[in-house]
């Protein structure tokens with residue numbers, strides 16, 4: 001069985017996890033209603049390929065250790081421990097570099113996400129259009145951890161704030 005070779009960790013991509021252990025889809029759905037979106041074939045092909053379990057834990061409102069250990073237990077792997085905090089993406093107040101005046105684009109990704117699609121392409125296109133010092137604001141129903149990580153890897157500064165039931169994430173080029 002190919003799945004027996006995959007060691008589940010916070011860095012494991014959702015797609016490779018479900019390819020190796022298809023039975024874990026039900027466990028994910030049981031752990032958080034947020035994971036129901038994995039049933040959507042478009043999201044399954046896009047987000048699941050790039051989203052790690054650490055990012056999924058944030059989206060699902062779970063502690064990464066608990067998520068990884070529950071999945072490991074289901075497939076007979078040893079328990080895992082880490083000090084990683086889910087709150088690394090959320091801040092209580094904006095950092096010094098942030099200025100409302102520099103927000104040149106606002107994008108509400110919630111309707112796209114709630115319809116079962118991925119807004120990743122639109123967000124990446126908007127971020128690419130930013131000039132140095134300009135800020136993009138994204139509204140989502142959860143912390144968009146995969147997008148944050150992707151843009152940080154491209155050199156963007158980022159932070160997210162909770163606002164009601166939504167999350168506002170800001171990206172500066």
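Structural remarks
- Normalised size of segment 89-172, defined as Cα radius of gyration per 2.2 N^0.38 Å with N residues, equals 1.00.
- For segment 1-72, the average shadow cast by the Cα convex hull is 4.1 nm², which is a quarter of the hull's surface.
- Divided by 2.2 N^0.38 Å, where N counts the residues, the Cα radius of gyration of the chain comes to 1.07.
- Rounded tilt (10° steps) of 64-75 against the dominant C-alpha axis of the chain: 30
- Packing rank of 150-160, 94-104, where each peptide gets the mean count of other beta carbons within 10 Å, highest leading: 150-160, 94-104
- Degrees separating the helix 41-50 axis from the principal Cα axis of the chain, which is the longest one: 80
- For the chain: relative contact order, % (alpha-carbon pairs under 8 angstrom, 6 or more apart): 20
Laboratory data are not the source of any read-out in this text; all were calculated from the coordinates shown. Source: prediction; values computed, not measured. As a convention, Cβ positions derive from the backbone with ideal geometry for all residues, glycine included, and neighbour counts pool all protein chains shown.
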